[in-house]
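Have a look at the structure below, then the notes.
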Amino acid sequence: MLNKLQDEGLIQWLPIEISNSDELIDRYGIRIPVIKEQGTEKEAGWPFDFEQLHDWVRMGSIIR
């Protein structure tokens with residue numbers, strides 16, 4: 001999903017391996033995968049589909 005959004009020119013993304021950090025595992029737990037906007041507190045945790053993720057990126061929608 002992220003590669004498709006990147007191909008559309010909407011984002012650039014960098015994967016971070018959450019399992020290498022006890023702090024991140026505690027923070028995100030069952031919400032993995034998590035998408036987080038760098039430099040902000042804006043984030044979306046699983047579950048989400050492509051349409052929800054696309055809207056979140058384009059309009060700042062909250063994925064519920």
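The values are calculated or read from the model by the stated rules, or taken from the named source; none is laboratory data. Quick caveat: nothing in here was measured; it's all calculated off a predicted structure. Here the Cβ is made from the backbone with ideal geometry for all residues, glycine too, and neighbour counts use every protein chain on show. Side chains are part of the model used for accessible areas, which takes the heavy atoms of the whole protein and leaves out ligands, DNA and RNA. Shrake-Rupley method; radii C 1.70, N 1.55, O 1.52, S 1.80 Å.
For the stretch 20-49: of the residues being among the polar types (S, T, N, Q) and either in contact with a Leu (Cβ under 6 Å, 6 or more places away or on another chain) or at pLDDT 90 or above (or both), which is least open to solvent (accessible area, probe 1.4 Å)? Per the criteria, the residue is Ser21.
A quick yes/no check of all residues on (1) outside any helix (DSSP H, G or I); (2) without any contact (Cβ under 8 Å) to a residue 12 or more places away in the chain; (3) aliphatic (A, V, I, L, M); (4) on the phi < 0 side of the Ramachandran plot:
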residue	(1), (2), (3), (4)
Ile16	yes, yes, yes, yes
Arg27	no, yes, no, yes
Leu53	no, no, yes, yes
Val57	no, no, yes, yes
